[in-house]
Amino acid sequence: MSGHPSTPPPTHRKSGRGRKLGFRQRKAASYTAAMLSFLRRKAAVPGSIWLDEPGAHKAIEAKARRGVIADEEAANLRKFANDGYFVTRLDLSPAQAGAIDDDVDRLWRERPHNISFAYDSPPLRFSQADERSQRRPRYRIHDLHAVSETARRIYLDSSLSRYASLILDEQSVATQSLYFEYGSQQALHRDSVVVPTPILGQLLASWTALEDIDPRSGALVYVPGSHKLPYFEFAPGEYVYDPSRMGESDVRAAMAFYDRTLAASGLETRTFAAKRGQVLIWHSALLHGGGPVDDESLTRKSFVVHYSALAHHAVRHGAVSEVIDGKAGESVYATTAVLESGSARGFDNALDGQFQYRR
Ligand SMILES: O=C(O)CCC(=O)C(=O)O
């Protein structure tokens, strides 16, 4: 046996503490200590952004003093740093909300090939949709902004885009949109775990009410402060669910971990009984989901946009499940086409991009 594991080998002891270090060595040692502390902090809080740092409030004040952000923006960023979300609003007239209704009705009539939807399933082409059985609670439409001018206006809304850029501290890009006509009934989850981005945590979402929401329709639910709870590790240092390598048991383990952590935290789950045009912007790690639907006939029209950092998120991928040549699988597409409106940026529909591969 080669000695006790806690006994360092002689070479370590030789260069150990107690020796006097010169200025350059001290500088190097303090740099190393600072890096180690930085890495430890990063490891302790994976996916954190500047608003998660202990100095966030001071940094917000400094931006407000320099006139980089308005008072209202400073207040919303403080709320985001503390609670992982804030509420703002858009001008969305009944006529504009009605235009989105018309676009959705048209989609259900025309059922195009290049738009995907999901109903208790991975995304499928709209051409596969069956209105009688699937236009109901839990269905969603992906990238409605590609076929609805009003949805595109929300997708590229300048104030939402500006908030996304302020939160990410760099130019944001809208990466995808999701339209819900009814309550989603999605379990509480963290977007950063299921919506991968090139850099963990460089993600946020806006959720816009397209009508006054009845709480019995399965309103959005969220847990203030839950963005500070720890991440589940699928494997050491792995926080994002990867369906190509992980399965049902990983999902169950992650959900059990988040349920346990949430129960132990004592944090309270709230319901967003929003009015038309109200928007909730959430941190990528905020637990949120769709509340129970008490009355399935009630609509709950809402539009979600996810944002990432343009400089790091160069490609938007999208996949649809379909049978080709008798074989079931997923067709993966990608686009680098970015739509612009003023300073807002947002990816075009991935399914209008290049076909990549089948999986
Ligand atoms: O709108 C909802 O019910 C939940 C939406 C959601 O969880 C999401 O888009 O990540």
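The values are calculated or read from the model by the stated rules, or taken from the named source; none is laboratory data. Everything quoted here is computed from the prediction, not taken from an experiment. Virtual Cβ from ideal backbone geometry, glycine too; neighbours counted across all protein chains shown.
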For segment 116-129, which positions are touching a residue at least 60 places away in the same chain (Cβ under 8 Å) and in a helix (DSSP H, G or I)? Gln128
Restrict the check to segment 226-240 and report whether at least one residue is surrounded by fewer than 20 Cβ atoms within 10 Å (Cβ to Cβ) and within 16 Å of the ligand (Cβ to nearest atom). yes
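One line per residue, one yes/no per condition, for (1) under 24 Å from Asp52 (Cα atoms); (2) within 16 Å of the ligand (Cβ to nearest atom); (3) β-branched (Val, Ile, Thr); (4) in contact with a strand residue (DSSP E or B) (Cβ under 6 Å, 6 or more places away or on another chain):
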position: Ala129; (1), (2), (3), (4): no, no, no, yes
position: Arg153; (1), (2), (3), (4): no, no, no, no
position: Leu168; (1), (2), (3), (4): yes, no, no, yes
position: Gly201; (1), (2), (3), (4): yes, yes, no, no
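Quick check on Thr208: is it touching a helix residue (DSSP H, G or I) at 6+ places or on another chain (Cβ under 6 Å), within 16 Å of the ligand (Cβ to nearest atom) and modelled with pLDDT of 95 or more?
Spelling it out, Thr208 is indeed touching a helix residue (DSSP H, G or I) at 6+ places or on another chain (Cβ under 6 Å), within 16 Å of the ligand (Cβ to nearest atom) and modelled with pLDDT of 95 or more.
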Of Leu298, Leu280, Leu220, Leu310, which residue is out of contact with any Cys (no Cβ under 9 Å at 6 or more places or on another chain) and more than 25 Å from Leu92 (Cα to Cα)? Leu310
Could you grab the pairs with beta carbons closer than 9 Å, sequence gap of 6+ or different chains, first residue in segment 174-186 and at positive phi and assigned by TED's automatic domain parsing to the domain that holds Gly218, second one aliphatic (A, V, I, L, M) and more than 7 Å from the ligand (Cβ to nearest atom)? Gln185/Val293
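Which of the residues that make up segment 208-264 are acidic (Asp, Glu) and either assigned to a strand (DSSP E or B) or within 15 Å of Gly289 (Cβ to Cβ) (or both)? Step through it out loud before you land on a result.
We begin by selecting, within segment 208-264, every residue acidic (Asp, Glu); these are 211-212, 214, 233, 238, 242, 248, 250, 259.
Selection gives Glu238, Asp259.
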When you check Arg300 against the structure, is it in the same structural domain as Arg135 (by TED's automatic domain parsing) and charged (D, E, K, R), yes or no? yes
Looking only at segment 296-334, filter to residues that are closer than 18 Å to Gln171 by Cβ and of a type outside the set (A, V, I, L, M, F, W, C); which one of those is surrounded by the most Cβ atoms within 10 Å (Cβ to Cβ)? Tyr307
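Yes or no, residue by residue, for (1) within 16 Å of the ligand (Cβ to nearest atom); (2) of a type in the set (S, T, N, Q); (3) under 28 Å from Ala254 (Cα atoms):
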position	(1), (2), (3)
Glu268	no, no, yes
Leu280	yes, no, yes
Asp294	yes, no, yes
Ser297	no, yes, no
Ala311	no, no, no
Ala319	no, no, yes
Ile324	no, no, no
Gly329	no, no, yes
Of the conditions (1) more than 16 Å from the ligand (Cβ to nearest atom); (2) surrounded by 20 or more Cβ atoms within 10 Å (Cβ to Cβ); (3) aromatic (Phe, Trp, Tyr), Trp108 fails just one. Which one is it? (2)
So Asp143 passes all but one of these: (1) surrounded by fewer than 19 Cβ atoms within 10 Å (Cβ to Cβ); (2) on the phi > 0 side of the Ramachandran plot; (3) not small (Gly, Ala, Ser). Which condition number does it fail? (1)
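Scan segment 171-196 for residues that are acidic (Asp, Glu) and either near the ligand (Cβ under 6 Å from one of its atoms) or within 22 Å of Val338 (Cα to Cα) (or both) and jot them down.
Here is the first cut: in segment 171-196, the ones acidic (Asp, Glu) are 181, 191.
Selection gives Asp191 alone.
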Would you say Leu204 is buried (at least 23 other Cβ atoms within 10 Å of the Cβ) and not polar (S, T, N, Q)? yes
